[in-house]
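Novice: This is the structure I have questions about; it appears just below.
Readers should treat all values here as calculations from the given coordinates under stated rules, not as data from a laboratory. Quick caveat, the model's predicted, so the values are computed rather than measured. Glycine also receives a Cβ, built like all others from the backbone with ideal geometry; neighbour counts cover every protein chain displayed.
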Amino acid sequence: MVQIKTVGVIGAGQMGSGIAQVVALAGYDVLLHDISEEKLTAGIAAIELSMTRDVARGALSPEDMETGLARIKPAVELQQIGTSDFAIEAATEDEVIKKTIFKALTPHLAPQTILASNTSSISITRLASASDRPERFIGLHFMNPVPRMKLVEIIRGIATEAATYTVAVDFAKSLGKTTANAEDFPAFMVNRILVPMINEAIYTLYEGVGTVEAIDTAMKLGANHPMGPLELGDFVGLDTILSIMNVLYDGLADSKYRPCPLLVKYVEAGWLGKKSGRGFYDYRGDRPVPTR
């Protein structure tokens, strides 16, 4: 199998920029792509800000920050990613968008390139079918925020070769991550457990059992969770929570995975959580205030 030197990252949003950051700091050259130069510039700026904060708290040396940033190169055209040894897609959690990316990238791939998706819920087998190399395709689900979270879920599609899996595990460990193998079922492990809990917390709010503040306080102090489920939903993005619940509901055909109507309403309103300024909390003031 190929020795990984250059890693392509498709998507410069919160997940993609975080992946690019940890990959560059681990010593790999990074090609970072997004659909516009503006988003690409914003992604690189976010990486620099994140590293600056790490330097300020003593978790990263200024020299390592400078070296890491120098390893990240913008790839304005998607086809540039094809020269990488390992390409990680970190686009929005939408199967059509992800498949479109892989189909567009396929003609430009080098023979040795391994493809990976950072999907948090979508079938790796189905995504792999959009490429010319399902045997060299794997799921690498990084947790958010990528620089802080230690876990990477690794998911094999039905056609993924053992050698691809071995390379993916070794690569993730080289980033300082711990790996957990998950089978290719809807939402894998972490989100199959976590996201229905958030959805149930939204049902608890929807049915009037408790307020936003009461539910989050109860789970933080009663279950020792570092963050309440509604606050966590806002952090992840309520559109992402809804997308994952729909994948579970459609893929497993079990009514326990039905998205809460209140979650649907918040997404319809554009109240997606922290990234949009409002979700179950309003983030536009000096401190977050519950919206219900």
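Novice: Enumerate the calculated ³J(HN,Hα) couplings along the range 250-256 in order (Karplus 6.51 cos²θ - 1.76 cosθ + 1.60, θ = phi - 60°), each rounded to whole Hz, writing x wherever the residue is Gly or Pro.
Specialist: 6, x, 10, 6, 10, 5, 5
Novice: Which of Thr52, Thr119 has the fewest other C-beta atoms within 10 Å, and how do the rest follow up to the most?
Specialist: Numbers: Thr52 12, Thr119 26.
So the ranking, lowest neighbour count to highest, is Thr52, Thr119.
Novice: While we're looking at this one, here's another question. Report, by chain and number, residues whose modeled amide H sits under 5 Å from the one on Val9, excluding near sequence neighbours (fewer than 5 apart, same chain).
Specialist: So Val9 has HN proximity to Leu31, Leu32, His33, Ile88.
Novice: Would you mind ranking Leu60, Leu263, Leu252, Leu32 so that the residue whose beta carbon has the fewest other beta carbons within 10 Å leads the list? Show your work: numbers first, answer last.
Specialist: Numbers: Leu60 18, Leu263 23, Leu252 14, Leu32 28.
Ranked by crowding around the Cβ, least crowded first: Leu252, Leu60, Leu263, Leu32.
Novice: By the scheme Lys and Arg +1, Asp and Glu -1, what is the net charge of all other residues having a beta-carbon under 12 Å from that of Gln21?
Specialist: On the way: positive: Arg53, Arg71, Arg148; negative: Glu48, Asp54, Asp64.
Result for the neighbourhood of Gln21: 0.
Novice: Taking amide hydrogens as modeled 1.01 Å from N in the peptide plane, which residues meet the under 5 Å criterion relative to His225, leaving out close sequence neighbours?
Specialist: Close amide H contacts, sequence-distant or interchain: Lys220.
Novice: Another question, if that's okay. For the range 56-115, which trypsin sites (Lys or Arg not before Pro) pass both filters: DSSP loop (anything but H, G, I, E, B) and at most 13 other C-beta atoms within 10 Å? Walk me through the numbers on the way to the answer.
Specialist: Working: sites: Arg57, Arg71, Lys98, Lys99, Lys103; in loops: Arg57.
Taking the range 56-115 and a limit of 13 other Cβ atoms within 10 Å, the loop trypsin sites (Lys or Arg not before Pro) found are Arg57.
Novice: Moving on. With a sphere of radius 12 Å drawn around the Cβ of Ala163, what net charge do the other residues whose Cβ falls strictly inside it have (Lys, Arg +1; Asp, Glu -1)? Walk me through the numbers on the way to the answer.
Specialist: Details: positive: Arg136, Arg156; negative: Glu135, Glu161, Asp170.
Here the charged neighbours net out to -1.
Novice: Then there is this: Net charge near Ala201, counting Lys/Arg +1 and Asp/Glu -1 over other residues with Cβ under 13 Å of its Cβ?
Specialist: Details: positive: Lys220, Arg292; negative: Glu200, Glu207, Glu213, Asp216, Glu231, Asp234.
Once positives and negatives cancel, what remains is -4.
Novice: Got a sec to turn the phi values of the range 270-279 into Karplus ³J(HN,Hα) couplings, 6.51 cos²θ - 1.76 cosθ + 1.60 with θ = phi - 60°, whole Hz, x for Gly and Pro?
Specialist: x, 8, 9, x, 4, 5, 9, x, 8, x
Novice: Compute the angle between helix 190-206 and the longest alpha-carbon principal axis of the chain, please, reported from 0 to 90 degrees and rounded to the nearest 10.
Specialist: 30 degrees
Novice: Right, next: Suppose each label sits 7 Å from its Cα in the direction of the beta carbon; what would the Ser255-Thr178 distance come out to in nanometres?
Specialist: About 3.8 nm separates the two model spin labels.
Novice: Hey, can you grab everything whose amide H is under 5 Å from the amide H of Ser117? Only 5+ residues off in sequence or another chain; H modelled, so Pro and N-termini drop out.
Specialist: Glu89, Ile138, Gly139, Leu140
Novice: Next question, about the same structure. Which whole-Hz couplings ³J(HN,Hα) result when phi for each residue of the range 60-76 is put into the Karplus expression 6.51 cos²θ - 1.76 cosθ + 1.60, θ = phi - 60°, listed in order with x for Gly and Pro?
Specialist: 8, 7, x, 5, 5, 4, 4, 5, x, 4, 5, 7, 8, 10, x, 10, 5
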